[in-house]
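Novice: Dumping the structure here so I can ask a few things about it.
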Amino acid sequence: MYDLYYQAGIPLSRQRVASPFISQAVSTLHLYKVIDPDTWGRMVSRVNGVSFAGMYGNTVAMGWRSISCPDGFTWKEYMYFLLDTLPRATRENYLEKLRVSQKFWREKGGCLGEETIGKLRAAGVPFTVEECTTYRTDKRPVRMEYIDEIDIPEFREIPTYKRMCVCILKNDHTCKYMGFTQTKREREMKERVLKRYKL
């Protein structure tokens with residue numbers, strides 16, 4: 001496999017062998033066309049959306065690279081615009097994740113390092129720093145409301161509407177990008193599907 005990657009001109013740092021459908025791999029899905037056309041043909045005929053992901057997986061259309069908010073929108077407005085384009089069940093799933101995240105950041109707070117706290121202070125973001133946390137970390141819990149966006153390297157750690165937009169654009173139903181793990185209900189749904197289609 002690595003020989004095929006090399007022949008296709010893929011640098012060593014980008015050569016990976018794993019499931020082609022996990023979120024980290026979507027941006028390289030198009031490589032299957034070059035590396036293994038037979039497998040690509042089977043994937044296109046068996047899995048919905050593979051062709052689309054192969055064409056657009058490495059673009060802003062799939063939430064990769066740097067996404068930008070369309071003119072005339074705030075990130076919050078853009079998030080609701082994106083949600084309005086989704087089927088009801090999918091929209092409700094994202095809204096529930098947003099409610100859980102907002103409640104967490106408002107009541108409990110996320111753990112942030114001193115440097116990140118300093119950057120929030122410098123940006124004029126209102127927040128409250130708590131003294132202790134139940135987590136085993138040297139970071140401190142910070143309670144705050146969602147903000148539209150913030151231009152700091154640690155932006156993924158901060159509760160922003162831009163982060164939610166990235167999840168929607170990446171089709172990240174579990175909001176793994178925002179730090180969520182699968183819920184018990186999501187795990188049970190996955191197990192039912194796997195059991196149903198088990199060979």
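The values are calculated or read from the model by the stated rules, or taken from the named source; none is laboratory data. No experiment lies behind these values; they were computed from the predicted model shown. Here Cβ is always computed from backbone atoms with ideal geometry, including for glycine, and neighbour counts include all displayed protein chains.
Novice: Looking at (1) within 23 Å of residue 119 (Cα to Cα); (2) over 9 Å from the mean Cα position of the chain (by Cα), can you tell me which one residue 182 breaks?
Specialist: (1)
Novice: Continuing with the same structure: Counting just the residues of the range 1-28 that are surrounded by 15 or more Cβ atoms within 10 Å (Cβ to Cβ) and of a type in the set (S, T, N, Q), which one comes out modelled with the lowest pLDDT?
Specialist: Step by step, filter the range 1-28, then rank; the result is 23.
Novice: Sort through 192, 187, 143 and tell me the only one that's surrounded by 13 or more Cβ atoms within 10 Å (Cβ to Cβ) and in the same structural domain as residue 90 (by TED's automatic domain parsing).
Specialist: Details: 192 fails: surrounded by 13 or more Cβ atoms within 10 Å (Cβ to Cβ); 187 fails: surrounded by 13 or more Cβ atoms within 10 Å (Cβ to Cβ).
Being surrounded by 13 or more Cβ atoms within 10 Å (Cβ to Cβ) and in the same structural domain as residue 90 (by TED's automatic domain parsing) holds for just one of 192, 187, 143, which is 143.
Novice: May I pose another question? Just checking, does the range 137-145 include any residue being part of a helix (DSSP H, G or I) and among the hydroxyl-bearing types (Ser, Thr, Tyr)?
Specialist: Within the range 137-145 (the criterion being part of a helix (DSSP H, G or I) and among the hydroxyl-bearing types (Ser, Thr, Tyr)), the answer is no, since none of the residues qualifies.
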